[in-house]
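Written out below as structure tokens is the structure these notes cover.
The values are calculated or read from the model by the stated rules, or taken from the named source; none is laboratory data. What you see is a predicted model, and the numbers here were worked out from it, not measured in a lab. Glycine also receives a Cβ, built like all others from the backbone with ideal geometry; neighbour counts cover every protein chain displayed. Side chains included, ligands, DNA and RNA excluded: accessible areas come from the protein's heavy atoms. Shrake-Rupley method; radii C 1.70, N 1.55, O 1.52, S 1.80 Å.
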Amino acid sequence: EKEQYMNKQDILLLYKYNQWTNKKILDAVAKVTQEQFLAPASFPHGGLRGTLVHALFAEWIWRNRWEGTSPTVRLKPDDFPTFESLRTRWAEEEKLLMAFVEDVTEERLNSKFSYKATDGTLHERILWQAMAHLVNHGTQHRSEAAALLTDIGHSPGDVDLVYFLSEM
């Protein structure tokens, strides 16, 4: 089996894309009413608030795991009564997440780390694989948010990687 390897430049590019596309989604959500932000929907994590809180939760919990702690709590939609409260928290998390990504070494990217899931189960993974997973996970939930936004007349526009690359 050929060994898989990720370099620092490529993971950083993925995280800059993640940052860019999160901003496009959040900028679109900033235009919706409080009612629309809180409205339920049939996606796995509900409407805009539930879907975005889930994406933020993933960024927060994975960064914590990479930094050596395994939180047992989850961020919940009720923790964010307004869009502004969510955006403020996400801006703080983005700074911490990007600092981690900018500081990570190539050796560390290609090494294993251990963490406990919220249910206490112990896992071991290669760091870059978990980091790539997080960006991909965010893509799923940003797509759900984009569909909700488009339905209410606030499309975030194109959020594909190729559009980010062409804007660089």
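Things to note:
- Summed side-chain charge close to residue 9 - residues other than residue 9 whose Cβ falls under 15 Å, Lys, Arg +1, Asp, Glu -1: -2
- Counting only Cβ charges, +1 for Lys and Arg and -1 for Asp and Glu, the dipole size of the chain around its Cα centre is about 220 debye.
- Chain lengthening between residue 27 and residue 92 when straightened (0.36 nm per residue, less Cα-Cα): 21.8 nm
- Taking every Cα-Cα distance in region 1-102 and sorting them into 10 Å bins starting at zero, the pair-distance distribution P(r) comes out as 13, 42, 30, 12, 3, 0 percent.
- Helix 83-103 axis versus longest C-alpha principal axis of the chain: approximately 20°, rounded to the nearest ten.
- Among the protein heavy atoms, those of residue 69 account for about 70 Å² of accessible surface (1.4 Å probe, every chain in place).
- Placing +1 on the Cβ of every Lys and Arg and -1 on the Cβ of every Asp and Glu, with no other charges, gives region 64-160 a dipole of roughly 340 debye about its Cα centre.
- Taking all protein chains together, 167, 35 sort by accessible area into 35, 167, largest first [probe 1.4 Å].
- For region 65-168: rounded, prolate or oblate by the Cα gyration tensor [a/c cutoff 1.5]: oblate
- Computed from the C-beta positions of residue 122 and residue 13, the FRET efficiency with R₀ = 45 Å rounds to 0.90.
- For the chain, calculated [θ]222 nm from helices alone, where every DSSP H run of n ≥ 4 adds -39500 (n - 2.57): -20000 deg cm²/dmol
- Heavy-atom accessible area for residue 102, with the other protein chains in place and a 1.4 Å probe, reaches approximately 100 Å².
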